[in-house]
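Below is one structure; the comments refer to it alone.
Read-outs throughout are calculated quantities, based only on the coordinates presented, and are distinct from any laboratory measurement. All values derive from a computational prediction rather than experimental measurement. Cβ: placed from backbone, ideal geometry, glycine included. Neighbour counts: every protein chain shown.
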Amino acid sequence: MTISEAQLIESTINFVKTELKNAEGGHDWFHIERVYKNTLSIAKHEDVNTTVVTLAALLHDIADSKFHNGDETIGSRKASEFLLSKNVDSEIIEHVTQIIDNMSFKNTFDLNTSFTSKEMEVVQDADRLDAIGAIGIARCFNYGGFKDRALYNPDIKPNLNMTKAEYKNSDAPTINHFYEKLLLLKDQMNTKTGKRMALERHNYMKGFLKQFYAEWEGKL
């Protein structure tokens, strides 16, 4: 039986909420919801398949590899199984799973990554927006605490020339992640709307870091 798009979206939301019920706070349902909202905001200004971007936004972190022993295939696999169970068109499933497999920041280390689409650009921007600004700062420190990482260690410098393996296995202080990822995202945005939204969040992070170092040194 074929269901309506509205029913599919509702079913997908319920599936994601159930799957991520006990997820780490930076990768839980509320992260998905924010990315979903960002996606809808950006998609208004882009010529994209709204079904694809909506499903990709909702399912993009259904099984993040860093919580599944580094398995980079589990997310798209779970998404595909769910969409197949809902009799979604095979071309849409293929597009959604390609987005899930290729949109992550860690994939920027793979120089041979060839897949791209306007839909992926929209969802990728939406996800990256949630990694920066006030929310990005909160998520960064939440994950650092989850992994029992130091806040900051002046003796451990950011590694700006990491391999993908080094990035995935890093246990560096949380502040280093700003330089190794978060502050780089502004210049990696794809869409005009994404770039505009990213600029304000980027500047907010720069202000936070200035305040952080001043307080660290006892100057404030």
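In table form, for the structure just shown:
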| item | result |
| --- | --- |
| Whichever aspartates and glutamates have a C-alpha closer than 18 Å to that of LYS21, once near sequence neighbours (fewer than 8 apart) are set aside | GLU10, GLU33, ASP61, ASP64 |
| Point-to-point label distance, ALA134-ALA165, nm (Cα→Cβ direction, 7 Å offset) | 4.2 nm |
| Under 25 Å from the Cα of LYS210 - lysines, other chains or at least 8 residues apart | LYS147, LYS157, LYS181, LYS186, LYS195, LYS219 |
